[in-house]
1. Under the Karplus relation 6.51 cos²θ - 1.76 cosθ + 1.60, θ = phi - 60°, what is the ordered set of whole-Hz ³J(HN,Hα) values for the range 133-145, x standing for Gly and Pro?
2. For LEU190 and ARG22, calculate 0.36 nm times their separation in residues minus their Cα-Cα distance, and state this gained length in nm to one decimal.
3. Would you work out the Kirkwood radius for the range 69-216? I mean one over the mean of 1/r across all pairs of different Cα atoms, in Å.
4. For the peptides 87-95, 23-31, what is the packing order when you average, over each peptide's residues, the other Cβ atoms within 10 Å and list the highest mean first?
5. Counting only other residues whose beta carbon sits under 12 Å from that of ASP180, what net charge do I get with K and R as +1, D and E as -1?
6. Hey, what D do you get for the range 148-211 in µm²/s if you plug the Kirkwood alpha-carbon radius into Stokes-Einstein at 37 °C and 0.692 mPa s?
7. ³J(HN,Hα) across the range 146-152 via Karplus (A = 6.51, B = -1.76, C = 1.60, θ = phi - 60°), whole Hz, x for Gly/Pro?
8. I'd like the Karplus ³J(HN,Hα) series for the range 199-204: coefficients 6.51, -1.76, 1.60, θ = phi - 60°, whole numbers in Hz, and an x wherever there's a Gly or Pro.
Amino acid sequence: MNAHPHSLHAATNLWSLDTALRHLADRVRSEAGARDIYGDGGTLQAWRPRPDRNPTGGHADPIGDAVLGMTYRIDTPCADRYRAATATLCWLAIHTLGDLPAENRTPIQQLLHHIDMVPPQAAAEVARWAADEDRRIRELLHLDTGQQPIPGVTCPACSRVSLATSGINATSTVVVCTNDLCTCLGDICLCGMNIHADGARHIWTAAYVSTWKVAA
Ligand SMILES: [Zn+2]
Ligand SMILES: [Zn+2]
C-alpha cells in the first residue's frame, strides 16, 4: 500500500470511530429501552451522497436510522453525542465525497471506501474530525483507545518506544507513533514512511515494523 499518511490516519481514525459509534448506539438503545418499539435497532442504513440532498443530517435526514430516532425520545449525553456525531458524519461524507458513487454503505463505510481518492488535505480534515469525535465518545463511555502498544520496538523518527498498532479495516493494521511531539520533517525525515508529509503524525503500514530495531 502506498497511501498518503493523511489517508492512513483518516482510515484508522474512521475505523476506530466506527467501533466507538457501535458502542454508543448500544448505550443509546439500552437507555431508550425501546427495542420492541424500534424493530431492528440497527446502525445507519443505506446512504447516498447526492448533491441535492439536505446535508444537515438530523431528524429531517432520510438515513432511516432506528438509533437516531431513539435519540429524539431521550435526553442523555449519549443521545446528544450520537445525534451530533451522525449529523456531522453525514455532512462530512457529503462534502468530502461529493457525488462519488455509493452503494449500500453507511456514511462512515463510504468514507473508508473512498478515502484513498480524497485529496490529502481533505483526508487530513477527515482524520482530525474523526479523531476528535472518537476521543469524545470513548471518554463518554470510558472506552480505551483500541490501540495495541508494541513493546521493545523504537520509532525510527523519535527513537522512543512509543509505537502502537491500530486497525484500519477488518483485516489490516497500521503502526502509529503515539509521541505527540513526533511529526514528520518532510524530505529530510528519517521515518521511513512511504510518503513523507511535513507535520503529519508518523504512521506506517504494519509490514515495516519487522525491519526496525528492537530496543535494548
Ligand atoms: Zn516517533
Ligand atoms: Zn517523517
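The numbers here are math on the coordinates, done by the rules we state, and not lab data. Here the structure is a predicted model, which is why all the values come from computation and not from measurement. Note that each Cβ is placed from the backbone with ideal geometry, even for glycine, and that neighbours are counted across all protein chains shown.
1. 5, 4, 5, 4, 5, 5, 5, 4, 9, 6, 9, 6, 6
2. Contour length minus the Cα-Cα distance gives 56.7 nm.
3. 17.4 Å
4. Result, highest mean Cβ count within 10 Å first: 87-95, 23-31.
5. Working: positive: ARG160, ARG201; negative: none.
Within the 12 Å Cβ shell, the charges total +2.
6. Rounded, D is 278 µm²/s.
7. x, 7, 10, x, 10, x, x
8. These are the phi-based 3J(HN,Hα) values: x, 7, 5, 6, 8, 9 Hz.
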